[in-house]
Amino acid sequence: MADTDSTKPRRGRPRLVDREKIIRAARLRDPATLTMQALAEDIGVDRKTLHYHVESRDSLLRMVAADAFRDAVSSRHFVAESDWRAAIHSFAYITRDAVIAAGAWASYVEFESEEDLEAVRPAEAGTVALVEAGLSEANAGRVITMLAELAFASARARSDAALRGTAPQEAILERALEQAPAGQFALTRRLLGSKSPSTNEDEHFSFQLEIVTLGVESLLRGSRG
């Protein structure tokens, strides 16, 4: 676990800023272009004072991203489910919603404190439910990792599609189909653009979860046979 001393004020210095003020100001900016100098100006202190509380831009990004992701997770009402299906679906949707809510900050998330680890609780609950259902710890971990990857990918695809109005692959395929003879690829033509990008992504994510669920059921049957 990374050292978090760089985010705490040192002794003997005036407390012109604190962690909460730094985070609030930083979250108003795009993390990709955030600089220590710009943040210092936003807060109204010099850069040296800001560095006294935050060691570097990298540590700042990690601190703010963890806060954004933790807030996003805590905004969802989490209840530990005993049924493994409900538990893994809850984890997947909470993670996806948190990534969407955290926005650009989600790419910088690292868990550096006990408080940050509250965001991991849904993953722990899902893993425990899978193991108690009969899955090995190793396979339970693989399932949770797969779901986390699907959730992150789905959240980003949903956000990107909302900004562009359509997925880039759809636009490319639509242009290619315009050159195809009439009557060919009829089903593909009907499927393209039949729903809004966000709805398509929601349904796609639900379908992915169903496939994972069926795969876990197969693994459990195999372990009992």
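Using the basic label-point model (7 angstrom from Cα toward the beta carbon), what is the Asp58 to Leu214 distance in nanometres? Distance between the two pseudo-spin positions: 4.4 nm. Taking packing as the residue-averaged number of other Cβ atoms within 10 angstrom, the listed peptides 24-33, 176-185 run from highest to lowest as 24-33, 176-185. Put a dot 7 Å past the Cα of Arg121, heading toward its Cβ, do the same for Ala186, and the two dots end up 5.5 nm apart.
Here the peptides 211-223, 126-138 are ranked by packing, the mean other Cβ count within 10 Å, and the order with the highest first is 126-138, 211-223. Note on Ala104 and Glu41: the model spin-label points, each 7 Å out from Cα along the C-beta direction, lie 1.6 nm apart. Put in order of Cβ neighbour count within 10 Å, fewest first, the listed residues Val54, Val120 become Val120, Val54.
Since every read-out is calculated from the coordinates, none of them should be taken as a lab result. What you see is a predicted model, and the numbers here were worked out from it, not measured in a lab. No Cβ is skipped: glycine too gets one built from the backbone with ideal geometry, and neighbour counts run over all protein chains shown.
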